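Chemist: Sharing a structure below in structure tokens format, with a few things to ask.
Nothing in this text is a laboratory measurement; each read-out follows from the coordinates by a stated rule. Owing to the predicted nature of the structure, the values given are computational and were not obtained by experimental measurement. Here the Cβ is made from the backbone with ideal geometry for all residues, glycine too, and neighbour counts use every protein chain on show.
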Amino acid sequence: MPDHTLHGNNERCPACELRQEAVDRSMILRPKIKCQVCDGTGLLPLSTAEIVRRTCEEARRIYWPQFEARIAVLTTENQTNG
Ligand SMILES: [Zn+2]
């Protein structure tokens, strides 16, 4: 079971997101926000399959050879248009 508090392993709870944003983060002991959806954490855990799917999607997006190929296509389009 992945740790849902790690970046990318959760989504923000839409039920209490505005109340979470209004909390003064400078205090060490913050008032507990009551929420029936996320139990006051402000985070909704993602399933393992969803975490893997999003990670693969991001890896495909930033895969370097394909990134360079996209840049090359954009550069050629700009040169032919301009
Ligand atoms: Zn919530």
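Chemist: Could you grab me the full set of residues in the stretch 1-32 that are exposed (fewer than 11 other Cβ atoms within 10 Å of the Cβ), over 18 Å from the mean Cα position of the chain (by Cα) and without any contact (Cβ under 8 Å) to a residue 12 or more places away in the chain?
Modeler: ALA22, ASP24, ARG25, SER26, MET27, ILE28, LEU29, PRO31, LYS32
Chemist: Something else: Kindly list, by first and then second residue, each pair from a residue in the stretch 48-77 that is free of Cβ contacts under 8 Å to residues at least 60 places away in the same chain and part of a helix (DSSP H, G or I) to a residue that is of a type in the set (A, V, I, L, M) and surrounded by 11 or more Cβ atoms within 10 Å (Cβ to Cβ), limited to pairs with Cβ atoms under 9 Å and residues at least 6 apart or on different chains.
Modeler: ARG54/LEU46
Chemist: Here's a check for you: in the stretch 1-38, which residue that is charged (D, E, K, R) and part of a loop (DSSP other than H, G, I, E, B) is nearest to ARG53 (Cα to Cα)?
Modeler: ASP3
Chemist: Let me ask something else. State all residues of the stretch 33-56 that are surrounded by fewer than 10 Cβ atoms within 10 Å (Cβ to Cβ) and not small (Gly, Ala, Ser); if no residue qualifies, say none.
Modeler: LYS34, GLN36
Chemist: Go through (1) within 14 Å of the ligand (Cβ to nearest atom); (2) exposed (fewer than 10 other Cβ atoms within 10 Å of the Cβ) for ALA59 and report which single condition fails.
Modeler: (1)
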